[in-house]
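What follows is a set of notes on a single structure, which appears directly below.
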Protein chains: 2
Amino acid sequence: MRQRNEKAILRAATTLFAKKGFDGTRATEIAERAGLPKANLYYYFNTKEEIYRAAIRHLIAGWDKALRHIRADADPFEALEAYVREKLDYARKNADESRMFANEIISGAPFLSRADRKHMHDITLEKTLIIEQWVAEGRMRPVNPRHLFIVLWSTTQFYTNFEKITCDTLEKPRLSPSDYEDAARTIVETVLRGLRPGKASSDP
Amino acid sequence: MRQRNEKAILRAATTLFAKKGFDGTRATEIAERAGLPKANLYYYFNTKEEIYRAAIRHLIAGWDKALRHIRADADPFEALEAYVREKLDYARKNADESRMFANEIISGAPFLSRADRKHMHDITLEKTLIIEQWVAEGRMRPVNPRHLFIVLWSTTQFYTNFEKITCDTLEKPRLSPSDYEDAARTIVETVLRGLRPGKASSDP
DNA sequence: GTCTATATTCCGATAGAC
DNA sequence: GTCTATCGGAATATAGAC
């Protein structure tokens, strides 16, 4: 029961925080959306901030799941494609979480703890070393691995976070799985293809 | 005088709307940041919404500037690189506008008029036809031009909109012009390079 | 654990003196 | 045009009955 209500509150809160940020979201709205009287929010959580932080914690936990594909002994392009597909899939299936995270970062990451940021940084750093190794082995064209990850994050999150613009551009009322398939194909055939080692590795 | 104050209000408002969205931004904050008593806001604008809409209007006006590089008679890769560089440059130099736009879209674009969205759509559509023509002429690999634009928007805006994550990833306290140069190079050498027609146009 | 009623603070907007 | 003072309503959080 406690678990059920806490989950309902966090789900409702995530949707609203995603749309309107921390200051823009009203406790009353969260309660309404969760189907509870407002006072019950304050039974389960002491403050609105506590709800926000609980939601953030949940989404930081999922940050690095897709990165497990990046292993030194894997084929670089299979690994990167799997990473791209899983990131796209995660964003699609957890749209509100993805948007809430985006909102938090645009707002200047006021609720991300030093530890959270260090965690994300350390995991990323570990994977950049693998990319560098692949480059050194000639299995990939030279690329700044940190910028590569930034490009992959931006492209895989855009479809979900900026869905309104994506829908307008694709002339669809909302995005279907096949649109995400097109997205995956485009990212693979542009971003990743550009990194395949060619015959002449220094042509312009 | 009127012009000077209106500009100060819009500048302050854009910064705050970028960070906290419409509901999250307080009229008092806008006034403080603009260096005016709150009542003066209501002398120049009737409501907070009017301030928000004025700021949105300003940023819609700059949406399509960089797209002028995409002309049918241009070299596809020179044109696309110029587009990427100008988009990155615009985002860097107008960071708050760029973030406010991102915030508005994530929030579900509640203040974007049908006309604004149609404008953005029409301009984009016009340019997708040019990309299709380049593909048909064999000057570029086959690509879905709508998805290509989405990939270019996402990558060029990410650095500015999600600056906090970018800084953590690059281990810099803030982004310098040379970081933006690295960004441009990465986008050109990954996204755009993947679209160059190769000897074998169907290898995996 | 649940919910109504309320305390207290804060916000958007305005009145009206200068 | 500028600014102080303030109104009415709304927001966060709590008290306390059930």
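The values are calculated or read from the model by the stated rules, or taken from the named source; none is laboratory data. In this text, all values refer to a predicted model and were calculated from it rather than measured experimentally. In this analysis, Cβ positions are derived from the backbone assuming ideal geometry, glycine residues included, and neighbour counts consider all displayed protein chains. SASA here: full protein model, heavy atoms, side chains in, ligands and nucleic acids out. Shrake-Rupley method; radii C 1.70, N 1.55, O 1.52, S 1.80 Å.
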Could you grab me the full set of residues in the stretch A:111-135 that are without any contact (Cβ under 8 Å) to a residue 12 or more places away in the chain and not aliphatic (A, V, I, L, M)?
A:Ser113, A:Arg114, A:Arg117, A:Lys118, A:His121, A:Asp122, A:Glu126
What single numbered condition from (1) facing chain B (nearest Cβ under 7 Å); (2) in contact with a Leu (Cβ under 6 Å, 6 or more places away or on another chain); (3) closer than 17 Å to A:Asp75 by Cα fails to hold for A:Lys127?
(1)
Does A:Asp23 satisfy the condition of being of a type in the set (D, E, K, R), within 19 Å of A:Arg99 (Cα to Cα) and free of Cβ contacts under 8 Å to residues at least 40 places away in the same chain?
yes
Top-ranked residue in the stretch A:1-29 [being of a type in the set (A, V, I, L, M, F, W, C) and within 12 Å of B:Gly21 (Cα to Cα); ranked as most open to solvent (accessible area, probe 1.4 Å)]
A:Phe22
Go over the candidates B:Leu36, B:Leu41, B:Leu10, B:Leu16 one by one and state the one that is assigned to a loop (DSSP other than H, G, I, E, B), within 16 Å of DNA strand C (Cβ to nearest atom) and modelled with pLDDT of 95 or more.
B:Leu36
Quick one: what pairs do we get from the stretch A:180-204, first residue of a type in the set (Val, Ile, Thr), second modelled with pLDDT of 95 or more and surrounded by fewer than 18 Cβ atoms within 10 Å (Cβ to Cβ), C-beta under 8 Å, 6+ apart or different chains?
A:Val188/A:Glu81
Scan the stretch A:44-60 for residues that are away from DNA strand C (no atom under 14 Å from the Cβ) and not charged (D, E, K, R) and jot them down.
A:Ile51, A:Tyr52, A:Ala54, A:Ala55, A:Ile56, A:His58, A:Leu59, A:Ile60
Of those in the stretch A:36-59 that are touching a residue at least 40 places away in the same chain (Cβ under 8 Å) and crowded, with 17+ Cβ neighbours inside 10 Å, the residue nearest to DNA strand D (Cβ to nearest atom) is A:Ile51
Among the residues of the stretch B:174-187, is any open to solvent by 10 Å² or more (accessible area, probe 1.4 Å), polar (S, T, N, Q), more than 7 Å from chain A (Cβ to nearest Cβ) and assigned to a loop (DSSP other than H, G, I, E, B)?
yes
Please tell me if A:Ile30 is out of contact with any strand residue (DSSP E or B) (no Cβ under 6 Å at 6 or more places or on another chain) and near DNA strand D (Cβ under 10 Å from one of its atoms).
yes
Could you figure out which of (1) away from DNA strand D (no atom under 15 Å from the Cβ); (2) surrounded by fewer than 18 Cβ atoms within 10 Å (Cβ to Cβ); (3) within 23 Å of A:Phe111 (Cβ to Cβ) isn't true of A:Ala91?
(2)
Residues of the stretch B:16-35 satisfying the condition of being under 18 Å from the mean Cα position of the chain (by Cα) and on the phi > 0 side of the Ramachandran plot
B:Gly21
Answer yes if at least one residue in the stretch B:94-102 is within 11 Å of chain A (Cβ to nearest Cβ), open to solvent by less than 10 Å² (accessible area, probe 1.4 Å) and within 15 Å of the chain's Cα centre (by Cα), and no otherwise.
yes
Residues within the stretch B:138-152 that are part of a helix (DSSP H, G or I) and either more than 7 Å from chain A (Cβ to nearest Cβ) or open to solvent by 20 Å² or more (accessible area, probe 1.4 Å) (or both), tallied
3
Any residue that is over 29 Å from B:Leu10 (Cα atoms), within 15 Å of the chain's Cα centre (by Cα) and not basic (Lys, Arg) - is there at least one of those in the stretch B:112-123?
no
So, of the residues in the stretch B:60-88 that are part of a loop (DSSP other than H, G, I, E, B) and at pLDDT 95 or above, which turns out to be surrounded by the most Cβ atoms within 10 Å (Cβ to Cβ)?
B:Ile70
